Every structure is written in C-alpha cells, then in structure tokens.
Ligand SMILES: [Zn+2]
C-alpha cells in the first residue's frame, strides 16, 4: 500500500519547502521535488497545507491514580484525542508507588496500554521509592526501552524524594546514560504555606497558586541543577512555569551542563487570573506547578526561541470538573492536580507561529523533532525523511476553529480554552502510514498503537 502526499509545504526544523512525500506501508520512502511521483494507491492533495512530522507529546498521564481518583482519559480515549490534534506519539508515565517494585509497576502500565492505544506510545518511569532494589531496577527499565526517570521535589509523603535519594538516582543515571526528569518545586515549604492558608480560611482554588510561589520553583530547579552537576547526571526539568526556574536553566546551559527543560501550553496562554474565576471555576486550572502571573509568559516564549526551553509537552492529566475537581470545594489542597490538553498542543503552538512568537521551524522542533531526539526516538519519529515512520500531519494553516468541550475528543467535561479562537487546524493524520484522522473523521483504531522501546537522550555527547 503506497500513499503519495503531494503539493504541500513539508516542514522541518529549518522551515518549509515544497515537496512530495511517498509512503510505502508504515514508512516514508521518498521526499522529492513536486511531481517526481504521480501515482500511488492513495493520493492526498496537500496543496496550500503544511506537511509535518507527527507531534510527540513527551508528558502525559492517562488513567493516572491521584488522590483517591484517576485521570479520566484512558489510553484509548487519550490517544484518540491526541491523534485528532496531530500528535502521533505520547510518552506516558508509569508510576511506582512507595513500597512497590519498579518492574512490576512497568508490567502494570504495559498491561493498561497494550492493545489500547490509537497511536504509538512509550513510557517514562516515576521513581518514588529510592532503595537498592529500585536503583538496580532502573537498569532493567533501560533494557526494556524506558530510559528516563522522573522524580519529585514536591508532594511530600506521596512522590517526594529527599535530596539524598535524588543524588542516588542521579548517580545511577550518570552510570547508565539515562536522564532524570524533575518536578522541581519545594514541596516541603509549599505544604507549610498551604496549611497556613487553609487554617486562615483561604480555601478557594486561587490559593493553590498563591501558596506555590514561583521562587520555590526557582529554588528547587537550582537545587536539582546543582545535584545534577555534582553527580554528572543529565537533567530534564518538566513543566517549567516560572521565570525564576528558566533563569536557572539558562545559566546551567550557558555553562555547558546537560540540563534541558520543557514548558506546557497552559503556562504560555493561561494565568493566575483564570484560577481566580468565581464559583469554584478556578479549580479547572489547578495543576502543579500552578498557573502564574501573566508576566512569566513573555519569558517562556523567549525561552522557546533561545532553546533554553527545548520541548513543549502538555502534562495532560484530566479530571472532570463535576465529581473530581469538586472534591476540593472547601479545601483547595484536595482539588486533583491536573489539566486536559493532549488534543490542542499542536494548535496552540501554531498560534505562537501566527503571533510571531516562534518560527515554523521552532514549532516543529519543540513539538516533534526535539522530543524525539531527547527521548531516543529519532529518526524513527520526529522527522519527515526516507526510512522514518510515516507519522505525518497535514495541517491547514488558514482554517479557523473554536476550542470547546462540546467539540473536543478528550474524555473530560470542560475545556481549559473554552471559546478560544484558533487559526489553523489538523486536516489529516497518518500513524505509521495509516490514515487515522481525515476530513471525514476518525478512521484509526485503539489496537493500532505500538509500544516504543526508546534509546538514550541523543543530545548527550
Ligand atoms: Zn506530569
């Protein structure tokens, strides 16, 4: 089965060029000047459209247990929504709970995802119990294609690791060439501020943000960078939201340290003002780190241009407003932390292109090519080139759409971007050569997605 995508502007990290793309089976076999090939089993006319490598969302939480409930997208619904939005790979997090084994955790996550994904998927491993066994098990994870390990400086008593535990895991990362991903917020101090706010009767959602000040993200980011320097471990800061944290990352990168960071669309477009909405509406925006003052957004866009922020992921972790977010009425500390977003990352970052914040090349780079290289998937993923998987998005840059819970495909009862008008829209999506989204709708299947055994971070020398 061959497919010819003709007449489009093929995008890469260096921008756009008019080219045709020929797919045979699951792979791209040729990228040529327009008109070199004219026939194929299926011909898709992409005139006036962008043809770009499928998006890679390196930070999602499908069916994730949190605070006595679960994020509401299953691997099936979440990966289907991702495909609708032009994302053809997710990297989700397996979550080691304290007192359990890392490898049995990985088995459990394989069971959840296997045969239930519309697009290809990989895993990171969350290490929340550092001991001799789990450190040893990190090696087996790497052999099994799970080459990055997330740790938390937040959430004491749940996922939190001490500096000593982080140091041990970083030493193992250094030894194995794997990457430590860090949720960098000073959770010990935050919990005190949150307890004080609650005791003083400040119970509304906005206090989630006010008790997690950006300085405590900056401090934790600096501390993680220092520990990474001492151990020689590669470090990837997840969901960076604050100018203070970005400054710490930029400084480390200027010194040549293997420090990388991602941000998320919610930190580029939403702010603490959303969390202050009346009638508990602010709970829709409760995630950690929290939404910040708008002034941080300018720095984050700048960081995306300078590559101090190299990746945009979603931290997709949806909880319904009704029944789940409502658990925190009367105490903001009990609101499940997380927001939906896996479907809209490509669109929202395309808005950055429209607004002149980033170039077309940076759009592709931050949303596809860099995550592929960062997490050992390149060149199988993240590029339109002969030999690569035919994960391809045909994007209409002139189409208009309005984001809404009425029309989105995520299994959640609200949109964080309700009513937002977007320029640009996904038209057709191929996952390993198969058309899964087209103007006539979703034609994929939740048995199509395959597990991706990943290599090491390709930015390390
Ligand atoms: Zn997360």
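The values are calculated or read from the model by the stated rules, or taken from the named source; none is laboratory data. Computed from a predicted model, the values in this text were never measured in an experiment. Counting neighbours? That spans all protein chains shown, and the Cβs are built from the backbone with ideal geometry, glycine included.
Might you let me know whether the stretch 426-437 holds any residue that is farther than 19 Å from residue 27 by Cα, in contact (Cβ under 8 Å) with a residue 24 or more places away in the chain, outside the structural domain of residue 285 (by TED's automatic domain parsing) and in contact with a strand residue (DSSP E or B) (Cβ under 7 Å, 6 or more places away or on another chain)? Step through it out loud before you land on a result.
Looking only at the stretch 426-437, we keep the residues that are farther than 19 Å from residue 27 by Cα, and these are 426-427.
Narrowing the set further to residues that are in contact (Cβ under 8 Å) with a residue 24 or more places away in the chain leaves 426-427.
The next check asks that each one be outside the structural domain of residue 285 (by TED's automatic domain parsing); those that pass are 426-427.
Remaining after also requiring in contact with a strand residue (DSSP E or B) (Cβ under 7 Å, 6 or more places away or on another chain): 426-427.
Checking the stretch 426-437: at least one residue is farther than 19 Å from residue 27 by Cα, in contact (Cβ under 8 Å) with a residue 24 or more places away in the chain, outside the structural domain of residue 285 (by TED's automatic domain parsing) and in contact with a strand residue (DSSP E or B) (Cβ under 7 Å, 6 or more places away or on another chain).
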Any chance residue 402 is surrounded by fewer than 22 Cβ atoms within 10 Å (Cβ to Cβ) and either in contact with a strand residue (DSSP E or B) (Cβ under 6 Å, 6 or more places away or on another chain) or free of Cβ contacts under 8 Å to residues at least 24 places away in the same chain (or both): yes
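Considering each of 53, 65 in turn, give the residue that is touching a helix residue (DSSP H, G or I) at 6+ places or on another chain (Cβ under 9 Å) and either closer than 14 Å to residue 119 by Cβ or within 16 Å of the ligand (Cβ to nearest atom) (or both).
Details: 65 fails: touching a helix residue (DSSP H, G or I) at 6+ places or on another chain (Cβ under 9 Å).
Unique residue meeting the criteria: 53.
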Failed item in (1) under 23 Å from residue 141 (Cα atoms); (2) modelled with pLDDT of 95 or more; (3) away from the ligand (no atom under 16 Å from the Cβ), with residue 93 passing the rest: (3)
Some residue of the stretch 361-379 being in a loop (DSSP other than H, G, I, E, B) and more than 30 Å from residue 125 (Cβ to Cβ): no
Unmet requirement for residue 185, which otherwise passes all of (1) assigned to a loop (DSSP other than H, G, I, E, B); (2) away from the ligand (no atom under 16 Å from the Cβ): (2)
Filter pass, residue 204 being in a loop (DSSP other than H, G, I, E, B), in the same structural domain as residue 296 (by TED's automatic domain parsing) and modelled with pLDDT of 95 or more: yes
Residue, farthest from the ligand (Cβ to nearest atom), within the stretch 302-319, restricted to residues that are in a strand (DSSP E or B) and in contact (Cβ under 8 Å) with a residue 60 or more places away in the chain: 311
Residue under evaluation residue 360, criteria (1) crowded, with 24+ Cβ neighbours inside 10 Å; (2) more than 20 Å from residue 79 (Cα to Cα), criterion not met: (1)
Some residue of the stretch 256-278 being part of a loop (DSSP other than H, G, I, E, B) and under 20 Å from residue 70 (Cα atoms): no
Selected residue [farther than 30 Å from residue 261 by Cβ, assigned to a strand (DSSP E or B), away from the ligand (no atom under 16 Å from the Cβ) and modelled with pLDDT of 95 or more] from 30, 40: 30
Every residue from the stretch 137-155 that is over 18 Å from residue 168 (Cβ atoms) and within 13 Å of the ligand (Cβ to nearest atom): 154, 155
Scope the stretch 163-182; condition under 14 Å from residue 125 (Cβ atoms) and either assigned to a loop (DSSP other than H, G, I, E, B) or at pLDDT below 95 (or both); matching residues: 178
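Among the residues in the stretch 204-211, are any more than 26 Å from residue 171 (Cβ to Cβ) and within 16 Å of the ligand (Cβ to nearest atom)? It would help to see each step written out before you state the result.
Narrowing the stretch 204-211 to residues more than 26 Å from residue 171 (Cβ to Cβ): 204-211.
With the extra rule that they be within 16 Å of the ligand (Cβ to nearest atom), the set shrinks to 208.
Looking for residues that are more than 26 Å from residue 171 (Cβ to Cβ) and within 16 Å of the ligand (Cβ to nearest atom), one finds at least one in the stretch 204-211, hence yes.
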Subset tally (residues that are within 17 Å of residue 186 (Cα to Cα) and part of a loop (DSSP other than H, G, I, E, B)) for the stretch 229-254: 5
Unique match (being assigned by TED's automatic domain parsing to the domain that holds residue 329, surrounded by 21 or more Cβ atoms within 10 Å (Cβ to Cβ) and more than 21 Å from residue 171 (Cα to Cα)) among 198, 236, 267: 267
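Sort through 331, 299, 323 and tell me the only one that's away from the ligand (no atom under 13 Å from the Cβ), more than 20 Å from residue 382 (Cβ to Cβ), at pLDDT below 95 and more than 16 Å from the chain's Cα centre (by Cα). It would help to see each step written out before you state the result.
Details: 331 fails: at pLDDT below 95; 299 fails: at pLDDT below 95.
So the residue among 331, 299, 323 that is away from the ligand (no atom under 13 Å from the Cβ), more than 20 Å from residue 382 (Cβ to Cβ), at pLDDT below 95 and more than 16 Å from the chain's Cα centre (by Cα) is 323.
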Test result for residue 17, surrounded by fewer than 17 Cβ atoms within 10 Å (Cβ to Cβ) and assigned to a helix (DSSP H, G or I): no
